[in-house]
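Student: Sharing a structure with you now.
The values are calculated or read from the model by the stated rules, or taken from the named source; none is laboratory data. All figures in this text were calculated on a predicted structure; none of them were measured in a lab. In this analysis, Cβ positions are derived from the backbone assuming ideal geometry, glycine residues included, and neighbour counts consider all displayed protein chains. The accessibility values were calculated without ligands, DNA or RNA, using every heavy atom of the protein model including side chains. Shrake-Rupley method; radii C 1.70, N 1.55, O 1.52, S 1.80 Å.
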Amino acid sequence: MTSKVETVLRNIRAAAKDSGRHPEDIRLVAVSKTRDADAITPLLDQGQRLFGENKVQEAAGKWPALREKYSDVELHMIGPLQSNKVRQAIRIFDVIETIDRPKLARAIARISREENTSCVGYIQINIGQEQQKAGIDPQEADNFIALCRDELKLDIAGLMCIPPAGREAKTYFLRLREIARRNGLDKLSMGMSSDYETAVRCGATSVRVGTALFGARTYAN
Ligand SMILES: *Cc1c(COP(=O)(O)O)cnc(C)c1O
């Protein structure tokens, strides 16, 4: 029987080939928010090593123990990050994908220096310019990227977005790609269970997939 992770990886490969891309240029971020160790372990045993979490506290509760056994796990923060959780976040996460405001960028820069560590960041763009959604307005993106890289000396690898629900995602993915291109950023974190193949065709270098790997979440998160 084909496992869910095999199916998702196969779909990523097919979408990549379909659009003239190399499948190895796209990484699967398994979104393990709300899932306990028993749910996550089968994926680890199938070789998946890259995971995304959206809450610092939750990640701190379950990943240190899992990492004792699977030491090469890579963790991405994909949820809203409060400035007062930055120190803990930097200790747990390898990449923070949700840098979405100057105050947070400044906190990450300062605390990384204090902790004598560097942290890879993505900038979250509010690509649909939605009032309720986190992220930098696309029109502010170039200035904010410059602030993070030039003034704060953050290691910014790429951009991340969550397109508006219920709309054709493609337009938004292509917009994100254009912002990355004109700023010389390589990484594009876009695409979730419902649209990761479209995201791959639009240039995603990582897709964040939860439901298609683990099944429906039992509570909203
Ligand atoms: C939950 C979440 C995902 C995964 O969503 P699914 O629809 O379950 O694949 C991806 N990105 C972010 C930022 C999330 O919060």
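Student: Let me cross-check ASP36: its accessible surface, 1.4 Å probe, with only protein heavy atoms counted, in Å² to the nearest 10?
Tutor: Roughly 90 Å² of ASP36 is accessible to a 1.4 Å probe.
Student: Taking 22 Å as R0, compute the FRET efficiency from the Cβ-Cβ separation of GLN82 and ARG110 and round it to 0.05.
Tutor: 0.90
Student: Placing +1 at every Lys and Arg Cβ and -1 at every Asp and Glu Cβ, with all other atoms neutral, what dipole size does region 4-214 have around its Cα centre, in debye to the nearest 20?
Tutor: It comes to approximately 140 debye.
Student: While we're on this one: When the helix-only estimate is applied to the chain (DSSP H runs of n ≥ 4, each -39,500 (n - 2.57), divided by the residue count), what is the mean residue ellipticity at 222 nm, nearest 500 deg cm²/dmol?
Tutor: Calculated mean residue ellipticity at 222 nm is -11500 deg cm²/dmol.
Student: For a distance above 31 Å, tell me the whole-number percent of Cα pairs in the chain that qualify.
Tutor: Summing the P(r) of the chain above 31 Å gives 17 percent of all pairs.
Student: Taking 25 Å as R0, compute the FRET efficiency from the Cβ-Cβ separation of LYS69 and ARG91 and round it to 0.05.
Tutor: 0.85
Student: Still on this structure: Go through region 106-157 and name the GluC sites (Glu not before Pro) that are in a DSSP coil and have 14 or fewer other Cβ atoms within 10 Å of their Cβ.
Tutor: GLU115, GLU130
Student: Mind listing the phi-derived Karplus ³J(HN,Hα) values for region 94-110, rounded to whole Hz, using 6.51, -1.76 and 1.60 with θ = phi - 60°, and x for any glycine or proline?
Tutor: 7, 9, 9, 8, 10, 6, 9, 6, x, 4, 5, 4, 5, 5, 5, 4, 5
Student: Please give me the summed charge of the neighbours of GLY184: other residues whose Cβ is under 12 Å from its Cβ, Lys and Arg +1, Asp and Glu -1.
Tutor: Within the 12 Å Cβ shell, the charges total +2.
Student: Applying the Karplus parametrisation 6.51 cos²θ - 1.76 cosθ + 1.60 with θ = phi - 60° to the phi angles of region 17-31, what ³J(HN,Hα) value in whole Hz is obtained for each residue in order, glycine and proline being reported as x?
Tutor: Coupling constants for region 17-31: 4, 3, 10, x, 10, 8, x, 6, 7, 10, 10, 9, 8, 7, 7 Hz.
Student: Counting other Cβ atoms within 10 Å, keep those with at most 12, restrict to DSSP loop, and tell me which chymotrypsin sites (Phe, Trp or Tyr not before Pro) in region 131-221 are left.
Tutor: Sites meeting the loop and neighbour criteria: TYR219.
Student: Now, a different point. Please give the solvent-accessible surface of VAL120 in Å², to the nearest 10, using a probe radius of 1.4 Å with every protein chain present.
Tutor: For VAL120, solvent-accessible area is about 40 Å².
Student: Quick one: compute the contact order of the chain, relative version, from alpha carbon pairs under 8 angstrom and 6+ residues apart, as a percent.
Tutor: It comes to 20 percent, rounded to a whole number.
Student: So, one more: Find how much the distance from GLU24 to MET1 grows on full extension, using 0.36 nm per residue of separation minus their present alpha carbon separation; answer in nm with one decimal.
Tutor: The GLU24-MET1 span can extend by a further 5.9 nm.
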